[in-house]
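First up is the structure itself, then whatever we jot down about it.
Only the coordinates and a few stated rules stand behind these numbers; no lab work does. Since the structure is predicted, the reported quantities are computational estimates derived from the model, not experimental observations. So basically every Cβ, Gly included, is an ideal-geometry build from the backbone, and we count neighbours across all protein chains shown.
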Amino acid sequence: MNEDVIIPWLLVRSTIWTALLAGLAPAAIANFKRRPVMGWYLYGFACTFVAWPLIALATIHALLVRPRTVSPEARQGQRRADALALLEESSVRSYPSWIAELRRKSPEGIDRRRYVYEKIGPGEPIELRREPANRRDVHAVSFRHRGTHLGYVPKRHRYRWVAPAIDDGRRLVAIVDKVKVGGILRRRAKSVHVRIAVLDAR
């Protein structure tokens, strides 16, 4: 093969391989920042293929792009999905229950039904808190969401096993299973069904 043909051919092949490898730099940065990798790889490849110093442009651009953040709504949806998936695991025992006294206002004066309608949906984890100093019932176990008092575990459940289990040091968590909503002009939760899961099997 003539040298006049071989040398340009080698130069073209060398440029292509350089571009293919150099495109990995912005792609790797994009992957770290949770951005689409292929677009950034092609961006780096094109810059290098046109003129190899331009790879610096693609790399610096990738460094300056902000990481893709997950919205609070997306995080909340994922958290709820994970909680519902936990209930499906064969190793986790869970029992149905509901929030009693939901129609009453909380001790802080919060409309519980409106609060639930606005902030709670299926899959939302709710804290179970013992209230041994409760004058009405020493076996009282309350449901709380981010510090807000939502109501109580029904008497039949807290007497039978919930209060004794917590007093015995068992790890329990309530996960919202269903929220029934009512009202036309003012939408509010009518009832909240939960599943109380036992996280430490004995």
*Evaluate the distance, in nm, between pseudo-label points positioned 7 Å from the Cα of ASP111 and of LEU42 along their respective Cα→Cβ axes.*
5.2
*Semi-axes of region 93-202's equivalent ellipsoid from the Cα gyration tensor, sqrt of 5 times each eigenvalue, largest first, rounded to whole Å?*
24, 16, 11
